[in-house]
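Have a look at the structure below, then the notes.
The values are calculated or read from the model by the stated rules, or taken from the named source; none is laboratory data. What you see is a predicted model, and the numbers here were worked out from it, not measured in a lab. Cβ placement follows ideal geometry from the backbone for every residue including glycine, while neighbour counts extend to all protein chains displayed.
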Amino acid sequence: METVKIIIMGETGAGKSTLVNAVMGEDVAYVSNGLRGTRKNDYYSRVLAMNNKFYSLELTDTAGLEISQEFTRSTLNSIKQEIISQSSSSEREKVIVWFCKNLHSHRFQDFELETVKDIAVRYEIPFVMVMTQCWSNKISELEEYIRRNLPELSLMRILAQDYEFAGGVTISAFGVQELLKSSIKNYDSFKVNILESKLDILSSDIERRRMISEYKISRIEKEAKKCIDTYSGTGGVVGLGGAFLPMLAIPAVHGICIKLFYELDSIAGIESHLPKDDLITFLLTGAIFSGLMLIPVVGGLSAAGFIGASGEKYLEVLVSVLRQSTEDELSDKELMKQRISQELKRRKGK
Ligand SMILES: Nc1nc2c(ncn2[C@@H]2O[C@H](COP(=O)(O)OP(=O)(O)OP(=O)(O)O)[C@@H](O)[C@H]2O)c(=O)[nH]1
Ligand SMILES: [Mg+2]
């Protein structure tokens, strides 16, 4: 027999316990008259026959949410605990929340909206928004507000118990059987809706993070370019004996490049500390300076040009490493060393 677990939550006085009694077919739950009624989670169960099938129905009647009181926080915690303990991956179990709201309430509180979104998405639990005490036909602003703000959830109207107006006119109860049927029959599509909205939230989160990191990278690039300009400008090559590179100046130019690379690492926030030897090898083998190759071969090339171009190439390597790495990974020296080396080698191979 398939189990259907229904957790009934919502503000005090919404009519949760009245709904429990209507589902159970007898007055098992305490219904309050104005004052707070249910004070802790109460459990009820029965066998339900529906569409030639039997279900084991388990109801949890929870204490009412009150507006921004300490009590509400502890109530919410106990409801979350309930949901966690009742959630199950079993195929033969359906867990659903009925969130009750009195049609005649003045407003749907922000904390109610946040609570519904948070619990539904976090625990991947379908919610049905249940408008209670619907003895009038009017579509309230409240109902429209809920539809607008929680479009992924189903909303149903009920009157769990007959309502008698002062003049003796009675409105008959309605909607409870439909609510039960719909919760069971449409459970899978409710679940899909929740999962889809969870995916939307997750992917927009990833998108947001990607935008932030692109923004950071573009700022790093700007600062790094300034640094490269400083190094490759005349200031950086003073003392090298002229604008053109004599053989003797090569080690000095390498030294400047290495210093520049270290500075670029630190601008990028990367703790690479590649061994100097590695960098010299990369410089000499043209891994960084692939276009112009080795210094001795390119007589006539200016030191400034060489430093600038090497810096640009190394910056490309760093940016590509930044894009591959998370914030945490950036402070992992070994990993960064490995990624920079790999990237240099990859470029050399091109
Ligand atoms: N006639 C009628 N009265 C209702 C209906 N739903 C709720 N009420 C009345 O509203 C009041 C509160 O109902 P409860 O079912 O105790 O509300 P609750 O949500 O369980 O409240 P807490 O346990 O305090 O959270 C009672 O006086 C109920 O008789 C309904 O469908 N019809
Ligand atoms: Mg109650």
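Can you pull out every residue in region 140-168 that is hydroxyl-bearing (Ser, Thr, Tyr) and farther than 17 Å from Glu196 by Cβ? Don't jump to the end; show me each part of the working.
Initial filter on region 140-168 (hydroxyl-bearing (Ser, Thr, Tyr)): 140, 145, 154, 163.
Residues satisfying the conditions are Ser140, Tyr145, Tyr163.
Within region 196-213, can one find any residue that is surrounded by 19 or more Cβ atoms within 10 Å (Cβ to Cβ) and away from ligand 2 (no atom under 16 Å from the Cβ)? Give the steps one after another, and end with the answer.
Of all residues in region 196-213, those surrounded by 19 or more Cβ atoms within 10 Å (Cβ to Cβ) come to none.
No, region 196-213 contains no residue that is surrounded by 19 or more Cβ atoms within 10 Å (Cβ to Cβ) and away from ligand 2 (no atom under 16 Å from the Cβ).
Within region 98-120, does at least one residue satisfy the condition of being touching a residue at least 24 places away in the same chain (Cβ under 8 Å), within 16 Å of ligand 1 (Cβ to nearest atom), basic (Lys, Arg) and within 14 Å of Ala14 (Cα to Cα)?
The answer is yes, given that some residue of region 98-120 is touching a residue at least 24 places away in the same chain (Cβ under 8 Å), within 16 Å of ligand 1 (Cβ to nearest atom), basic (Lys, Arg) and within 14 Å of Ala14 (Cα to Cα).
For a quick check of your reading of the model, give me the residue pairs whose first member lies in region 121-136 and is farther than 11 Å from Lys101 by Cβ and among the hydroxyl-bearing types (Ser, Thr, Tyr), whose second is part of a loop (DSSP other than H, G, I, E, B) and at pLDDT below 95, with beta-carbon atoms closer than 7 Å and at least 6 apart or on different chains.
What qualifies is Tyr123/Ser87.
Among the candidates Leu292, Leu264, Leu274, which residue alone is closer than 21 Å to Ser232 by Cβ, part of a loop (DSSP other than H, G, I, E, B) and at pLDDT 70 or above? Step through it out loud before you land on a result.
Working: Leu292 fails: at pLDDT 70 or above; Leu264 fails: part of a loop (DSSP other than H, G, I, E, B).
Only one candidate qualifies: Leu274.
With the condition kept exactly as written, say whether any residue in region 80-90 is within 17 Å of Tyr187 (Cα to Cα), of a type in the set (Lys, Arg) and surrounded by 13 or more Cβ atoms within 10 Å (Cβ to Cβ). Walk me through how you get there before you give the answer.
Step one: filter region 80-90 for residues within 17 Å of Tyr187 (Cα to Cα), giving 83, 86-90.
After this cut, where a residue has to be of a type in the set (Lys, Arg) as well, the list is none.
Checked against the condition, which is being within 17 Å of Tyr187 (Cα to Cα), of a type in the set (Lys, Arg) and surrounded by 13 or more Cβ atoms within 10 Å (Cβ to Cβ), region 80-90 yields no hits at all.
If I ask for residues that are more than 18 Å from Val176 (Cβ to Cβ) and near ligand 1 (Cβ under 6 Å from one of its atoms), which ones from region 26-37 would you list? Even if it seems obvious, please write down each step before you answer.
Of region 26-37, the ones more than 18 Å from Val176 (Cβ to Cβ) are 30, 32-37.
Result: Ser32, Asn33, Arg36, Gly37.
Out of Ala63, Ala49, Ala22, report the one residue that is loosely packed, with under 15 Cβ neighbours inside 10 Å and either free of Cβ contacts under 8 Å to residues at least 12 places away in the same chain or hydrophobic (A, V, I, L, M, F, W, C) (or both). Give the derivation first.
Numbers: Ala63 fails: loosely packed, with under 15 Cβ neighbours inside 10 Å; Ala22 fails: loosely packed, with under 15 Cβ neighbours inside 10 Å.
One residue alone meets the criteria, Ala49.
Return yes when Ser32 is within 12 Å of ligand 2 (Cβ to nearest atom), under 30 Å from Glu144 (Cβ atoms), surrounded by fewer than 20 Cβ atoms within 10 Å (Cβ to Cβ) and over 29 Å from the mean Cα position of the chain (by Cα) and no when it is not. Explain how you work it out, then say what you get.
Numbers: within 12 Å of ligand 2 (Cβ to nearest atom): yes; under 30 Å from Glu144 (Cβ atoms): yes; surrounded by fewer than 20 Cβ atoms within 10 Å (Cβ to Cβ): yes; over 29 Å from the mean Cα position of the chain (by Cα): yes.
Taking the combined requirement at face value, the residue satisfies it.
On the basis of being touching a residue at least 24 places away in the same chain (Cβ under 8 Å) and within 16 Å of ligand 2 (Cβ to nearest atom), does Glu58 make the cut? Break it down into steps so the answer makes sense when it comes.
Values: touching a residue at least 24 places away in the same chain (Cβ under 8 Å): yes; within 16 Å of ligand 2 (Cβ to nearest atom): no.
When the stated conditions are applied, Glu58 does not pass them.
Scanning for something within 22 Å of Tyr123 (Cα to Cα), near ligand 1 (Cβ under 8 Å from one of its atoms) and under 28 Å from the mean Cα position of the chain (by Cα), does region 64-75 turn up at least one residue? Quick ask: steps written out before the conclusion?
Of region 64-75, the ones within 22 Å of Tyr123 (Cα to Cα) are 64-65, 72-75.
Still in the running and near ligand 1 (Cβ under 8 Å from one of its atoms): 64-65.
In the following step, the residues that additionally are under 28 Å from the mean Cα position of the chain (by Cα) were identified as 65.
Checked against the condition, which is being within 22 Å of Tyr123 (Cα to Cα), near ligand 1 (Cβ under 8 Å from one of its atoms) and under 28 Å from the mean Cα position of the chain (by Cα), region 64-75 yields at least one hit.
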